[in-house]
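All of the numbers you see were taken from the coordinates with simple rules; none came from a lab. Here the structure is a predicted model, which is why all the values come from computation and not from measurement. Here Cβ is always computed from backbone atoms with ideal geometry, including for glycine, and neighbour counts include all displayed protein chains.
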Amino acid sequence: MSKRLVALSAAYGAGGQWIGTAVAARLGVPFVDRAIARAVAARLEVPLDEAIQQEEPPGTSLLERLLSSFVGAETGAPVPLPADVITAADFHIASQHALLEQAASGEGVILGRGGAAALRDDPRVLRVRLSGPVEARLRRALAVNDIDEATAMRTLRRFDRTHAEYFRQFHDVDIDDTSLYHLTIDSTSMPLEACVDLIELAAGAVA
């Protein structure tokens, strides 16, 4: 099989980690979620767990704290960051550098990091959005995480808001704009294995 590149954008509770890992195995390419995080952590000189927490964080992630400097953590009012810390722009630049390095390899499944937007002009990349109704995503999150419903809902809302703002701030796009993606899947409406089947099929069709 020729090399394949897939950029996955996954809403909280949409099964992005499981699906991304399974798609990579099917295609015989690296799942580079942690590799991207390591590259970002090294470039910014922050702990690896800070960079990893972007995806489905149990608490306040590095990305959320950085974005709060211009969107506000809860109220929408700007929250200034200390002068000696890295900025959201620093985080974005480091992420883009790591994404482009991975894309240059010609293979891999990339979860998050704005990859679907950053790589939208690369014809080799299959861009996929995984989402679903809030209540369905909440049920899935409760089924796989040891958290109570109130915590899960707060995390879902926070995650959705943070990542939508990241797409708007740095790529000037709506994260749910279907024109960004070759394939948009309600991954709560079918078994996760079926989502993997669809992505594998679509990956074979991308030029």
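Things worth noting here:
- Computed label-point distance, nm, for sites Ala202 and Glu101 using a 7 Å Cα→Cβ extension: 2.8
- Among Glu135, Glu200, the order by Cβ neighbours within 10 angstrom, fewest to most, reads Glu135, Glu200.
- Annotation: peptides 187-195, 156-164, ranked by per-residue average of other Cβ atoms within 10 Å with the highest first, follow the order 156-164, 187-195.
- Summed residue charge, Cβ within 14 Å of Ile185's Cβ, Lys/Arg positive, Asp/Glu negative: -1
- Placing a pseudo-label 7 Å from each Cα along the Cα-to-Cβ vector at Arg124 and Asp172 gives an inter-label distance of 2.7 nm.
- In order along the range 110-125, the Karplus-derived 3J(HN,Hα) couplings, from 6.51 cos²θ - 1.76 cosθ + 1.60 at θ = phi - 60°, round to 10, 9, x, 6, x, x, 4, 7, 5, 10, 5, 9, 8, x, 7, 9 Hz, and Gly and Pro are given as x.
- A Förster radius of 25 Å combined with the Cβ-Cβ distance from Ile93 to Ala25 puts the calculated FRET efficiency at roughly 0.20.
- Cβ-based exposure ranking for Tyr181, Tyr166, in which fewest neighbours within 10 Å come first: Tyr181, Tyr166
- For the range 146-207: rounded, prolate or oblate by the Cα gyration tensor [a/c cutoff 1.5]: oblate
- Amide H partners (placed H, <5 Å) of Leu111, local residues excluded: Leu8, Val32, Asp33
- Per-residue Cβ neighbour rank within 10 angstrom, fewest leading, Val23, Val6: Val23, Val6
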